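Asks: Here you go, one structure.
Rule-based calculations on the coordinates, nothing more; no lab input. This one's a predicted model, so the numbers in the text were calculated from it and none came from an experiment. All Cβ positions, even for glycine, are placed from backbone atoms using ideal geometry, and neighbour counts span all protein chains on display.
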Amino acid sequence: GLKPVHRRVLFAMAVGGNDYNKPYRKSARIVGDVIGKYHPHGDFAVYATLVRMAQPFSLRYPLVDGQGNFGSIDGDSPAAMRYTEARMTQIAHELLADLDKETVDYQPNYDGSEMIPEVLPTKVPALLVNGSSGIAVGMATKLA
């Protein structure tokens, strides 16, 4: 269901208290937290992941509640991360609901300074709900 970058974005939002019932937070702040603590790759890749999880035309049940221009189904680009805000949706909150109950194993992040979950302790079967798509080692996958 979720690739490592998706899990890390949602985990960073959960750790930051960016829940569905709290105020929106700047997307640039979320991306910075993800890059700095959990996913040491380019900011564009992390922001593109955040944007995709907010687009109702990309996922059946979006995992991020975005405020601002997150692109369109016609191919319009999203606004820069400094102009958009986001928070988790209620269904994303359910993906992370039992993190504090030691239901999953943790592993060190890329530099050993933080611990991150290996998988999410979801109450919702993310693969069945939203499907998955991607290309790896010459094989394409699309579950809708």
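Asks: Compute the signed sum of charges (Lys and Arg +1, Asp and Glu -1) over the other residues within less than 10 Å, Cβ to Cβ, of residue 24.
Replies: +2
Asks: While we're on this one: Could you work out the relative contact order of the chain? I mean the mean sequence separation of Cα pairs under 8 Å and 6+ apart, divided by the number of residues, in percent. Present the calculation step by step, with values, prior to reporting the outcome.
Replies: Working: 226 pairs, mean separation 36.4, N = 144.
Computed value for the chain: 25 percent relative contact order.
Asks: Take a quick pass over the chain and tell me how many lysine pairs come in under 20 angstrom between Cα atoms, counting only ones 8 or more apart or on separate chains. If you can, show how the numbers build up before the last one.
Replies: Details: 3/37; 3/123; 3/142; 26/37; 101/123.
Lysine pairs satisfying the spacing and distance rule in the chain number 5.
Asks: Continuing with the same structure: Among rounded, prolate and oblate, which fits segment 47-97 when a ≥ b ≥ c are the square roots of the eigenvalues of its C-alpha gyration tensor, a/c under 1.5 means rounded, and a/b larger than b/c means prolate? List each step's numbers first, then the result.
Replies: On the way: a/c = 2.64, a/b = 1.53, b/c = 1.72.
Oblate.
Asks: Given the rule -39500 (n - 2.57) for each run of at least 4 DSSP H residues, summed and divided by the residues of the chain, what is its mean residue ellipticity at 222 nm, to the nearest 500 deg cm²/dmol?
Replies: My calculation for the chain gives -9000 deg cm²/dmol from helical runs alone.
Asks: Using the Cα centre of segment 4-143 as the reference point, and only Cβ charges (+1 on K/R, -1 on D/E), how large is the resulting charge dipole? Debye, rounded to the nearest 20.
Replies: So the dipole magnitude of segment 4-143 works out to roughly 280 debye.
Asks: While we're here: What residues have an amide H closer than 5 Å to that of residue 116, excluding those fewer than 5 places away on the same chain, when H is modeled at 1.01 Å from N in the peptide plane?
Replies: 107, 109
Asks: Working only with C-alpha atoms, what are the Rg and Dmax values of the chain, expressed in angstrom?
Replies: Over the chain's Cα set, Rg and Dmax evaluate to 14.6, 43 Å.
Asks: Once you list every other residue whose beta carbon is under 12 Å from the beta carbon of residue 121, what net charge do they have if Lys and Arg are +1 and Asp and Glu are -1?
Replies: Combined, the nearby Lys, Arg, Asp and Glu give -3.
Asks: Compare the Cα positions of 45, 83, 13 along the charge dipole of the chain (+1 at Cβ of Lys, Arg; -1 at Cβ of Asp, Glu; about the Cα centre) and return the one farthest towards the positive end.
Replies: After comparing all options, I get 83.
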